[in-house]
Amino acid sequence: MADLMPGFTVYCTDNVLVMLTATAASTLGANLFMGTSLPAWVIQGLGVLFNIALALVLYAAAANRFQAAKEASADAPTAAVLKDAKAAPAYQSTEGALEAGSSFRSLLADVEHDAASAYSHILEILPWIIIVPMVNIPISISNWLLKIYQSNPYGGDLFTAHFVMASLYLVAAVMSANVYAAQSDNGAKCESLPTFLLNSFNHALLSSAGKSLHLLECVIFGSVVGMENDADVQSRLTETTILLVFAWFLLAHCWPRLSEATPKDKLFKSVVTTITVYSWAYSFINNLWGFFYNEVKHGQIIYVAIMVCCLMVAFLLASYSEQNFYGGPSSFGKAFGLMLCWVIDFGFWWWWAQVMTDIDGAAVPDGAAVSTALVNSSILIALIAVTSMLYIYADLQTLALHRSQRQQHVPKVKTSVS
């Protein structure tokens, strides 16, 4: 079990702290412009632009440190030779000093290599700073459509509008995935700035496509049970069970059988797998959070306890899956690990969004935009610092293992570019 702790630390950082950081960044971006008289859609757009700018700043910092760590690793032997030559009298012979110097150089190079890998891992998770606020766009569109068709929600127009929205997002996600996959440095340890942005927007479109499918399903659910029964616990439980069984059938039985003979086949398989698990996880967490938040006394505490239990399940899964926290090697194990991963990701996302709202309400009762932004900034800086430190001091082999095990929605065309 002790062997699993380094991997478990990285798993928690990837799936908990990263989501907390992205949610805090999303909250900050929206709150910066909340005190203005601008329309809601303009405020949301400015919030997204702020998050893109923040992601670019963090990208520049991480990419700079990545290159510096690589250069330091390359220069370390020369510096170590000079240092060890001066230290020779302390050893029985010059050969002894050179042998110690070789060990020192190896250790120093390993440290710098670890640092480069840590910054590479940070670059890999930075797109979530952009993804989280962009997922709010289909939600805003859905709310706007609900207002337009509120007089006749069962007439079919609301369903058609949501179907069109979901279809457009699906097309955009597939097209952007193909554009990103065509880049020579996609999946590199340090992608170029254009490729990094393509990666971020492709992730955002995939996530938004999953969200739009979830919103379409919500319209269908409302039409079946009636808007007056929309919050009925039994109806929601039935919905959750049906979607769970359907998602499991697709992820464990159908999608694993898709061909991977060509890069296009691999890309299609990864896209449909990602959108499927996203749309299911959105629905599952939305119902789980809604039940405990609205129906259960002290429900938030129980909800967080469930999320912690999910982390423990991931730990147990790794102990039976060759230290793979994402499941496997069977298709059933991979499907379970994939679904569990996104339950944890989205589960902490939902919870932390409410926590940020509660903190803002308690710390800034008057809702002043500047004061709220200062509070959010402090939380965001602290989360970025903790997350970065955990990656920097993580074990190199563990980071590399998680990079290979975590579900990637785009096949790595070239991974040697760095």
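The values are calculated or read from the model by the stated rules, or taken from the named source; none is laboratory data. Bear in mind that the values here come from a model prediction, so they are computed numbers and not experimental data. Virtual Cβ from ideal backbone geometry, glycine too; neighbours counted across all protein chains shown. Heads up: the accessible areas ignore ligands, DNA and RNA and are worked out on the full protein's heavy atoms, side chains in. Shrake-Rupley method; radii C 1.70, N 1.55, O 1.52, S 1.80 Å.
Overview of values
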| item | result |
| --- | --- |
| Estimated FRET transfer efficiency when R0 is 51 angstrom, pair V386-N152 (beta carbons, to 0.05) | 0.55 |
| Separation between Cα centres of segment 280-346 and segment 152-224, rounded to whole Å | 23 |
| Karplus 3J(HN,Hα) series, Hz, for segment 152-159 with 6.51 cos²θ - 1.76 cosθ + 1.60 (x for Gly, Pro) | 9, x, 9, x, x, 5, 5, 5 |
| Heavy-atom surface of segment 263-304, accessible at 1.4 Å and reported per residue (Å²) | 46 |
| Difference of contour (0.36 nm per residue) and Cα-Cα distance, S378 to Q300 | 25.7 nm |
| Average accessible surface area per residue within segment 121-227, 1.4 Å rolling probe, Å² | 40 |
| Rel. contact order, % - alpha carbon contacts under 8 angstrom, at least six apart, segment 288-395 | 16 |
| Links that overshoot a 30 Å alpha carbon limit, given the list K211/K334; K147/K264; K147/K334 | K147/K264; K147/K334 |
| Residue-span extension gain [V164 to A261] - 0.36 nm each, minus C-alpha spacing | 31.8 nm |
| Estimated distance in nm for a label pair at Y293 and L316, the labels positioned 7 Å out from Cα along Cα-to-Cβ | 2.8 |
| Equivalent ellipsoid dimensions for segment 1-41 as semi-axes, Å, which come from the Cα gyration tensor, largest first | 38, 6, 4 |
| Y169, Y11, reordered so the largest accessible area comes first (probe 1.4 Å) | Y169, Y11 |
| Mean accessible surface per residue for segment 1-52, computed with a 1.4 Å probe while every protein chain stays in place, in Å² | 41 |
| Surface accessible to a 1.4 Å probe, S151 within the full protein complex, Å² | 110 |
| Segment 272-292 residues near the modelled A182 label - backbone nitrogen below 20 Å, point 7 Å along Cα→Cβ | 272 |
| Whole-percent carbon and sulfur share, accessible surface of segment 174-313, 1.4 Å | 70 |
| Per-peptide average of other Cβ atoms within 10 Å, ordering 229-238, 44-53 highest first | 44-53, 229-238 |
